[in-house]
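Undergrad: Before I ask anything, let me first share the structure, which is written out below as structure tokens.
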Amino acid sequence: MKKYLLPLLLIAICSFTARKPSLKGSWIFAGGIYNGKRDSGTVGYNLKRIYDDKQFNAYVIQEGEKPERYQSGDYQLFSDSCFETETYNSQSADLTGKTLRYHYTIRHDSLIFNGVLPNGTTVEEYWQKAK
């Protein structure tokens, strides 16, 4: 009996060890709320973010066109917080090098970001897992 106790204990501990959170994969912008005003998303194009374990790249996708990268950065997840540091932005360098904190939630195939931008804009963004 004793020789089975250690393996069973080890299995039990491993079963309850929390998985490291990850945003890994591709996500398509599905709309948001900015300063309390709903934005239903994009028309005629898609915004796509691709996350690996530590970095992300964001693209504008238009049918018949080559995807255009508009943003890149590094990110870290801690509990329910996502810290993003932009390393590239094709539109503005205002946030490049700055770390922003977002509260994030993943529900089924949806990613939700909540936060406040440095200019005071409150954001709640919805992203759907790409299939």
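The values are calculated or read from the model by the stated rules, or taken from the named source; none is laboratory data. Predicted, not measured: the structure shown is a model, and the values here were computed from it. Note that we place each Cβ from the backbone using ideal geometry, even for glycine, and neighbour counts take in every protein chain shown. We work out accessible area using only protein heavy atoms, side chains counted, and drop any ligands, DNA or RNA first. Shrake-Rupley method; radii C 1.70, N 1.55, O 1.52, S 1.80 Å.
Undergrad: Going residue by residue through segment 107-116, is there one that turns out to be closer than 25 Å to residue 43 by Cα, open to solvent by less than 30 Å² (accessible area, probe 1.4 Å), among the polar types (S, T, N, Q) and without any contact (Cβ under 8 Å) to a residue 40 or more places away in the chain?
TA: No, segment 107-116 contains no residue that is closer than 25 Å to residue 43 by Cα, open to solvent by less than 30 Å² (accessible area, probe 1.4 Å), among the polar types (S, T, N, Q) and without any contact (Cβ under 8 Å) to a residue 40 or more places away in the chain.
Undergrad: Still on this structure: Of all residues in segment 32-84, which are polar (S, T, N, Q) and over 17 Å from residue 123 (Cβ atoms)?
TA: 46, 55, 57, 62, 72, 76, 79
Undergrad: Can you confirm whether residue 38 is closer than 19 Å to residue 129 by Cα and at pLDDT 95 or above?
TA: no
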